[in-house]
Structure formats: C-alpha cells, structure tokens
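The block underneath contains the structure these notes are about, expressed in structure tokens.
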Amino acid sequence: MKVTIVGRQMNVWDEMKATIENKLKKLDKYFNDECNATVTLSTRRSTKCLEITIVSAGTIFRSEVQDETFRNALDHAVYTIERQIRKNKTRLAKRLRSGAFDQGIIDTGEDFEEENEFNIRRKSFTIKPMSVEEAIMQMNLLGHEFFVFKEDTTEKVCVVYKRHDNSYGLIEADE
C-alpha cells in the first residue's frame, strides 16, 4: 500500500508518520500493492482531525475522525475502515487481495454482522432546473442532508449537501 501523509496548515513530525504507516500495515492483508492511502491531519480549534482515504480497485474506503489526539483519531479511523470491510466482506471479496479473509480477521472483541442484503427504499421525483442557492434553500426547507437538482445554467445534474462544519458542498455529475 502506498501511503501519502498530508498535514493541513501544520507539519507532520516523523514519529507520527511512522505511527500512521505502522497502523495502516494492519490493513495490508486486505489490499493489493497498487492500493493508495491518503492520510490528512488537521486541527480544528482544539480538536485533532484525521481523515483516511484508501482507493483500491476502484473502491473508495474513507473514515474521518475527530478526537483529542491524533493517535486516538488514528486508532478510531483504522477501526472504522476495518469495520466497513468486515460488514461488506462478501461484496468486497472480489475487489480485495486474494485470500484477504482466509487469514482471519483481527478480533477486536466486537462482533460485526455482515450486511447480506441492502434494504433500499426507492423514490422518484421530477428534477427541476434551479440555481444552487435555490437548491440549498429547498434542501433546508425539506430538512434533508442533501438535495438532487438540475443546475439552471449548465443543465448538469447536481447534488448539494450539508457538511459537518455547517457549510455546504456541491457535487456535479460529468456525463
């Protein structure tokens, strides 16, 4: 696994880099050598924020954790990614390293039930052209976390969403 460590508005010291690489080696049994992991460290007020994004065979695994220390956040983030893998191991078996689950999974003392079937509730609606500001207003009026719309100027299908820091995000679909 190729690991890239980024510090946002901060320097990451060598000891922390070594700790991160050691913790991520624990996940090597699941991923091929072509896998890329990006670890981003930042500080928001007095809280440490650590984000791990792993891209392997077209599948993205992501965990973002805020904690008092980077070490605690790292432990929680690695645990979250391993939990994601364990919950979806049947679906992921073809995409992960061959024999990834033959070696046994690290016992954390917690039993994870694999999700065999997704419970999907289908909904359809007419996508109306509107501005980004109007879409955000509509999302807030509905009390949703995201809203799908067609942007009136570009005619692209877009999604606006509310971020954890109470700002907004916009996703544009490329066709």
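Nothing in this text is a laboratory measurement; each read-out follows from the coordinates by a stated rule. As the structure is a computational prediction, the values presented were derived from the model and not from experiment. Don't worry about glycine lacking a Cβ; one is built from the backbone with ideal geometry, like all the others, and counts go over all protein chains shown.
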Taking Cα atoms only, helix 14-25 is inclined relative to the longest principal axis of the chain by an angle, in degrees rounded to 10, of 90 degrees
Where does helix 132-142 land angle-wise versus the long Cα axis of the chain, in degrees 0 to 90, nearest 10? 80 degrees
When Glu15, Glu172 are ranked with the fewest other C-beta atoms within 10 Å first, the list becomes Glu15, Glu172
Which pairs, out of Lys123/Lys162; Lys123/Lys156; Lys17/Lys162; Lys23/Lys89, put more than 23 Å between their alpha-carbon atoms? Lys17/Lys162
Assigning unit charges at the beta carbon (Lys, Arg +1; Asp, Glu -1) and nothing else, what dipole magnitude in debye, to the nearest 20, does the chain show about its Cα centre? 140 debye
What is the helix-to-structure angle for 70-87, meaning the angle in degrees between its Cα long axis and the longest Cα principal axis of the chain, kept from 0 to 90 and rounded to the nearest 10? 80 degrees
Run the numbers on the range 2-92 and let me know its relative contact order in percent, using alpha-carbon pairs under 8 Å that are six or more apart. 23 percent
Cα-Cα pairs above 22 Å in the chain: how many percent? 59 percent
Neighbour counts of other C-beta atoms within 10 Å: give me Val55, Val78 arranged from fewest to most. Val55, Val78
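For the range 1-96, how big is the tail of P(r) above 17 Å, as a whole percent of Cα pairs? Display every interim value, and only then the final one.
Values: 2123 of 4560 pairs.
Value for the range 1-96: 47 percent of Cα pairs lie more than 17 Å apart.
Just want the ordering: Val65, Val6, from fewest to most Cβ atoms lying within 10 Å of their own Cβ.
Ranking Val65, Val6 by Cβ neighbours within 10 Å, fewest first, gives Val6, Val65.
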FRET efficiency estimate (nearest 0.05) - Cβ-Cβ, Arg163 to Asp75, R0 25 angstrom: 0.55
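About its Cα centre, what dipole magnitude does the range 2-92 give when the only charges are +1 on Lys and Arg Cβ and -1 on Asp and Glu Cβ, stated in debye to the nearest 20?
Taking the Cα centre of the range 2-92 as origin, the dipole is about 360 debye.
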